[in-house]
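The structure appears right after this line, and notes come after that.
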Amino acid sequence: MRDDPLKERFPDLQPGKRPGSLSTVNGFGMGLVGRRDDDPETGTYVVTHVFRALFIPILAVGAYRVADAQGGGWYCLGKVPLSPFARVWNVVLALIVVGAIGDIWWNSHTHSPEYLAGQKLKQADEAAAAGHGGEAARLCREVMDSKTSKADEGRTKLAGFIENPPGAPTEAAPVYQIAADLQRENRCPVPDLFDKGTALATRHAADDPAAALALLEVIAAFAPDPAAELALRGDLLEKLLARHPDDPKIASRLATVYEEKGERQKCEKLLAPFENRLGTLDGAALLGRIHSAAGRFDKAHELLAPFVAARLPALREAEQSFKSAYSAAEDRVVATLKGGKAPGFDYGRYERAQKAEQQTMISAYIDDQLKDDASLRGARQKLMAERGVVGAVVDLGLVQLQRAQGMADPAARKTELEAAEKTFLSVRGFAGENNEYRLSLGQVYYWLGRPDEGKKLFDAILRGAKTTANLLMVAHVLREVGDTTAARKYAEEAFNQEVDGALKHAAAHSRAVQFTDLDDEILWLGRCAPTSREIQASLAQARGHRAERDGNDAAATDHYRQAVRIYSELPDNSATLNNSALAHFALFRVTLDRAEFTRGADKLDRSIALNPTSAVSLLNAASLVSDSAARDTVGKEVDFRALKSPPAWEVVAYLYRTPAERAAVADRIAKHPGFVKARAYAEKLLVLSPKRDDPYQVLSGLFEQTYDVAALKSLAARASKIEFDLGDDVRKYQEYLAGKDEAKKIEESRAYVTRTTEALTAARALDKRTFAVAVGRYVRAKSAAWLLGQPVDADELVKLADEAHTAAPSAGAESTLQTALTLRAHLALIRDDAGYAAMAKRTHRSFATSLVGYSLTVDGPHRAKALQNADVKRLAVMAEDDFRREPDRATANAWVFLKAIGSSLANQAGEKAKANELARARSELARATAPYSAGTAFDEYWNLLLAGKDADAKKVITALGAKGVPVP
């Protein structure tokens with residue numbers, strides 16, 4: 001067949017052109033389909049060359065005229081144009097593909113983090129224009145969290161909204177709530193958030209005090225001066241109450257301010273008219289506590305019982321919502337991880353890692369994602385708000401316990417005790433016969449004052465199965481109730497028996513948080529999972545403590561900052577917030593940056609809000625926030641930067657000398673928010689951690705500072721009925737007497753002497769009071785070093801103490817002088833009296849310089865030598881002066897000096913000492929919390945002599961020797 005006739009017959013034919021590949025694989029590939037334009041004369045027809053997917057024609061790529069071949073197949077004559085239908089189909093298909101690609105691109109673009117961030121910024125502007133400042137701030141915060149290129153723009157916009165909140169004054173509080181959350185993460189876009197918020201609140205105070213008040217409540221945690229902030233908030237509430245004198249809500253909020261200021265009488269007077277209308281307002285719980293403290297238990301019950309019944313369901317709902325939100329958020333992150341598209345996750349490293357590291361990587365990634373989860377943040381805030389009822393639950397349980405103890409009818413008493421048990425259990429939130437419930441019930445038995453029953457439950461759990469999980473659960477509860485010795489034993493047992501790596505690390509961590517000293521803590525943290533960020537933070541904190549102990553503040557600061565940074569990367573929970581707070585407080589100690597103290601206090605408050613019955617958090621808070629009362633009481637009267645150390649309670653004694661000055665200082669302390677909060681926390685611990693003596697020590701110090709005799713007597717009476725866990729205290733005291741770890745203690749002592757020496761040098765050029773405090777710390781440092789065998793120049797100490805007392809007379813300076821004189825007298829008697837020297841050598845660690853006073857009570861040559869000593873005579877004169885100045889504070893110890901020298905004031909001092917209820921309560925408390933100490937025995941010895949019971953007094957010293965404590 002020739003070409004020309006074909007060309008003539010088929011003008012569009014391109015002879016010689018053949019289709020390419022005609023093969024398919026699994027239904028995908030090229031092929032020929034269809035039949036059109038048949039030509040009977042030539043026996044040819046046209047087929048279409050297509051791309052097929054699953055054997056279905058998708059795209060026409062060409063058309064060819066073919067003729068059937070004899071025996072099957074075909075001959076290709078050449079290529080011809082596609083049919084109009086095929087061309088239209090290809091165009092349609094192209095449009096579909098382009099449209100699909102465009103749709104995919106657009107969908108991807110509009111769902112990209114960058115686009116969404118930009119849209120949120122537009123929405124923020126619209127919200128701001130509409131006067132919705134809180135919504136605008138929330139959107140800006142989400143853009144800040146997006147980690148896109150829009151984050152800086154979101155930060156800038158938010159800064160503008162904080163400076164000038166859009167909308168009505170009521171919008172300021174929600175804007176500042178966003179800012180406050182960021183402030184806690186050190187990401188707030190404006191400096192001086194509290195000052196800016198306070199200025200804004202002050203501006204709105206006249207026209208909208210409610211809005212101003214709401215704003216102040218949001219930023220209160222960042223107040224550098226809590227007392228001033230409370231005063232401002234109280235003033236606003238008083239104005240509101242004046243406008244609405246019959247509003248119980250306003251009265252309740254104002255009463256809370258009065259309570260925080262320590263003004264309970266004003267609080268009760270304010271709430272009393274509203275008593276029957278308080279309902280579920282916080283004022284109901286507050287007035288209930290006031291009634292309970294006054295012994296009006298039935299009235300307290302009438303307020304607390306309905307309050308708890310109404311508020312507990314909301315707490316349970318908030319707890320469930322938080323669990324659900326946490327689970328949902330965690331599931332979302334896990335799903336992203338499993339999908340292989342988790343942003344920022346190093347899948348390559350994960351594939352190369354060992355199983356333990358893989359788990360750590362997953363946990364760390366989940367933590368990072370959950371930390372900034374908005375839904376989880378909201379659920380946590382709601383939970384914290386609702387957990388305020390827990391304090392009322394504990395108060396109600398105590399009221400029921402007190403009511404039961406006053407009931408004569410055994411059946412009624414039993415019913416009320418069961419009600420108290422049920423109330424306490426409601427705090428724990430467990431029900432059903434399982435180990436968690438039994439642990440909670442055992443803990444409640446400790447709270448109810450029935451520790452033996454609680455221990456039986458714990459023993460039963462371990463008899464059933466002494467698994468690592470059970471051992472650690474029991475150890476945790478025992479630590480909470482204050483039985484640290486038993487808790488530590490169970491944690492070690494769990495560690496020793498466990499072979500699974502993860503569980504062994506958990507056991508090591510349980511043991512690490514129950515450390516005996518710093519080296520012990522570092523040892524056990526080293527046995528924990530090294531890749532755990534929580535452990536890394538704890539190790540950084542412990543290394544900071546070691547550097548601080550060794551006098552290396554720069555290294556300590558670096559370690560503490562590292563701990564703070566790591567904790568900030570972890571999700572907020574009670575434990576993380578507590579530990580992070582401690583790191584902030586440690587930073588404050590070495591840097592004296594007040595902002596660090598404020599951050600620590602805020603985190604402790606939030607830790608307690610998340611877990612109101614956590615004994616660990618409450619104890620830390622009670623010990624540390626009370627320091628703010630000491631700090632603010634001293635104020636600017638002492639330069640602590642020059643002293644290279646933070647304020648402490650011992651400095652307060654440098655503010656007064658006369659009874660009137662002492663009373664004025666005590667009044668300032670009692671009204672300080674830190675004092676009020678510390679007392680409240682410590683009093684909760686008396687119930688929640690009954691075997692721990694720490695809260696008794698905290699409260700004793702607070703009550704002595706404010707001369708609250710009744711409170712101290714009540715505390716001492718309570719302590720006398722408790723069997724404390726004193727295992728650590730006894731062990732440490734025995735190790736001290738035996739000289740264990742002497743070299744380490746000497747190094748620590750030298751570091752402290754160096755620090756106080758540098759502070760003393762700096763203080764000479766400053767004010768007289770700062771110099772007096774520096775001398776006091778130097779004298780104590782040198783005296784402590786002398787106890788460890790280091791040389792001391794007693795003449796130097798007396799000279800400095802005299803100089804300080806002359807420059808700035810005070811109770812603190814006088815105490816320093818007495819310490820220096822007693823030490824010099826003791827050293828002189830050692831030099832001049834061989835018999836005394838032998839006794840001093842034997843009792844160097846136990847009696848130390850107290851041997852001077854002891855020798856004055858025993859007839860013989862040592863007494864005669866002591867009476868001839870010039871420093872002893874001077875101490876006696878000082879005792880006379882003290883007595884003339886404050887006769888009601890006379891003590892048995894002072895009486896010994898006066899009696900020994902034959903002072904005409906001795907008898908009067910003795911009678912006053914016998915009537916000194918504060919001193920007597922202090923002695924009773926010491927016998928309960930430190931029965932092993934020579935100091936406690938000495939105190940009892942003086943008092944028995946004062947009472948004329950000389951034989952009994954001698955027995956006290958003999959009994960002390962029988963305990964292994966060296967005596968004369």
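The values are calculated or read from the model by the stated rules, or taken from the named source; none is laboratory data. None of the values given here were measured: they were computed from a predicted structure. A quick note on method: Cβ atoms are made from the backbone with ideal geometry, for glycine too, and the neighbour counts reach across all protein chains shown.
A few remarks follow.
- Subset of the stretch 485-500 that is part of a helix (DSSP H, G or I) and in contact with a Lys or Arg (Cβ under 7 Å, 6 or more places away or on another chain) - its residue that is nearest to ASN470 (Cα to Cα): ALA491
- Answer from ALA412, ALA408 - the residue that is at pLDDT 90 or above, within 16 Å of PHE297 (Cβ to Cβ) and exposed (fewer than 15 other Cβ atoms within 10 Å of the Cβ): ALA412
- Filtering the stretch 698-727 to residues that are over 28 Å from the mean Cα position of the chain (by Cα) and polar (S, T, N, Q) leaves SER714, SER720.
- For ALA820, the criteria (1) touching a helix residue (DSSP H, G or I) at 6+ places or on another chain (Cβ under 6 Å); (2) part of a helix (DSSP H, G or I); (3) within 16 Å of GLY935 (Cβ to Cβ) hold in every case but one, which is (3).
- Test: residue in the stretch 203-226 that is under 24 Å from GLY279 (Cα atoms) and either in a loop (DSSP other than H, G, I, E, B) or touching an Asp or Glu at 6+ places or on another chain (Cβ under 6 Å) (or both): no
- Qualifying helices (runs of 4 or more DSSP H) (wholly inside the stretch 305-404; at least 2 residues being in contact with a helix residue (DSSP H, G or I) (Cβ under 7 Å, 6 or more places away or on another chain), in contact (Cβ under 8 Å) with a residue 12 or more places away in the chain and within 17 Å of LEU570 (Cα to Cα)): 355-371, 374-386
- Per-region count, the stretch 162-191, residues crowded, with 24+ Cβ neighbours inside 10 Å and hydroxyl-bearing (Ser, Thr, Tyr): 1
- Checked against the criteria, ALA159 does not count as under 31 Å from the mean Cα position of the chain (by Cα), buried (at least 20 other Cβ atoms within 10 Å of the Cβ), in the same structural domain as ASP208 (by TED's automatic domain parsing) and in contact (Cβ under 8 Å) with a residue 24 or more places away in the chain.
- Counting only helices (runs of 4 or more DSSP H) that sit wholly inside the stretch 515-602, those with at least 1 residues that are touching a residue at least 24 places away in the same chain (Cβ under 8 Å), over 22 Å from LEU193 (Cα atoms) and among the small types (Gly, Ala, Ser) are 533-549, 553-568, 574-591.
- Segments classed as helices (runs of 4 or more DSSP H), wholly inside the stretch 846-958, with at least 3 members that are under 41 Å from the mean Cα position of the chain (by Cα), outside the structural domain of VAL709 (by TED's automatic domain parsing) and crowded, with 20+ Cβ neighbours inside 10 Å: 917-929, 934-946
- Residue match in the stretch 636-653 (condition: in contact with a helix residue (DSSP H, G or I) (Cβ under 7 Å, 6 or more places away or on another chain), within 24 Å of ALA180 (Cβ to Cβ) and in a helix (DSSP H, G or I)): no
- Residue match in the stretch 737-744 (condition: within 32 Å of the chain's Cα centre (by Cα) and at pLDDT below 95): yes
- The set of residues in the stretch 224-251 being buried (at least 21 other Cβ atoms within 10 Å of the Cβ) and in contact (Cβ under 8 Å) with a residue 40 or more places away in the chain consists of PRO226, LEU230.
- Filtered by the rule that a residue be touching a residue at least 40 places away in the same chain (Cβ under 8 Å), outside any helix (DSSP H, G or I) and on the phi < 0 side of the Ramachandran plot, the stretch 758-809 gives LEU766, ASP767, LEU788, GLN790, ALA808, PRO809.
Every residue, every condition in (1) under 27 Å from ASP12 (Cα atoms); (2) without any contact (Cβ under 8 Å) to a residue 40 or more places away in the chain; (3) not assigned by TED's automatic domain parsing to the domain that holds THR24; (4) not in a loop (DSSP other than H, G, I, E, B), yes or no:
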| position | (1), (2), (3), (4) |
| --- | --- |
| ALA60 | yes, yes, no, yes |
| CYS76 | yes, no, no, yes |
| LEU93 | yes, yes, no, yes |
| ASP103 | no, yes, no, yes |
| GLY134 | no, no, yes, yes |
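- One residue stands out in the stretch 803-839 among those that are among the acidic types (Asp, Glu) and closer than 27 Å to ALA864 by Cβ: the one that is surrounded by the fewest Cβ atoms within 10 Å (Cβ to Cβ), namely ASP832.
- In the stretch 725-742, the residues that are among the aromatic types (Phe, Trp, Tyr) form Cβ pairs under 7 Å with partners that are part of a loop (DSSP other than H, G, I, E, B), at six or more places apart or across chains, as follows: TYR733/TYR932; TYR733/SER933; TYR736/ARG845.
Table: residues versus (1) touching a Pro at 6+ places or on another chain (Cβ under 7 Å); (2) over 15 Å from ASP395 (Cβ atoms); (3) in the same structural domain as ASP373 (by TED's automatic domain parsing); (4) surrounded by fewer than 21 Cβ atoms within 10 Å (Cβ to Cβ).
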{"site": "LYS269", "(1), (2), (3), (4)": "no, yes, no, yes"}
{"site": "LEU304", "(1), (2), (3), (4)": "no, no, no, no"}
{"site": "GLU319", "(1), (2), (3), (4)": "no, yes, yes, yes"}
{"site": "LYS323", "(1), (2), (3), (4)": "no, yes, yes, yes"}
{"site": "ARG332", "(1), (2), (3), (4)": "no, yes, yes, yes"}
{"site": "LYS341", "(1), (2), (3), (4)": "no, yes, yes, yes"}
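- Pair list, Cβ under 7 Å, 6 or more apart: the stretch 840-865 residue closer than 18 Å to GLY935 by Cα and free of Cβ contacts under 8 Å to residues at least 40 places away in the same chain, other residue among the β-branched types (Val, Ile, Thr) and surrounded by fewer than 20 Cβ atoms within 10 Å (Cβ to Cβ): ALA840/ILE830
- Residues of the stretch 27-54 that turn out to be more than 29 Å from LEU6 (Cα to Cα) and surrounded by 12 or more Cβ atoms within 10 Å (Cβ to Cβ), as a count: 4
- Some residue of the stretch 276-292 being surrounded by 12 or more Cβ atoms within 10 Å (Cβ to Cβ), over 29 Å from the mean Cα position of the chain (by Cα), under 30 Å from ALA710 (Cβ atoms) and not assigned by TED's automatic domain parsing to the domain that holds GLY378: yes
- Test: residue in the stretch 696-704 that is outside any helix (DSSP H, G or I) and touching a residue at least 24 places away in the same chain (Cβ under 8 Å): no
- Checked against (1) surrounded by fewer than 18 Cβ atoms within 10 Å (Cβ to Cβ); (2) on the phi < 0 side of the Ramachandran plot, LYS147 meets all criteria but (2).
- Those residues of the stretch 483-502 which are without any contact (Cβ under 8 Å) to a residue 40 or more places away in the chain and aliphatic (A, V, I, L, M), in sequence order: ALA487, ALA491, ALA494, VAL499
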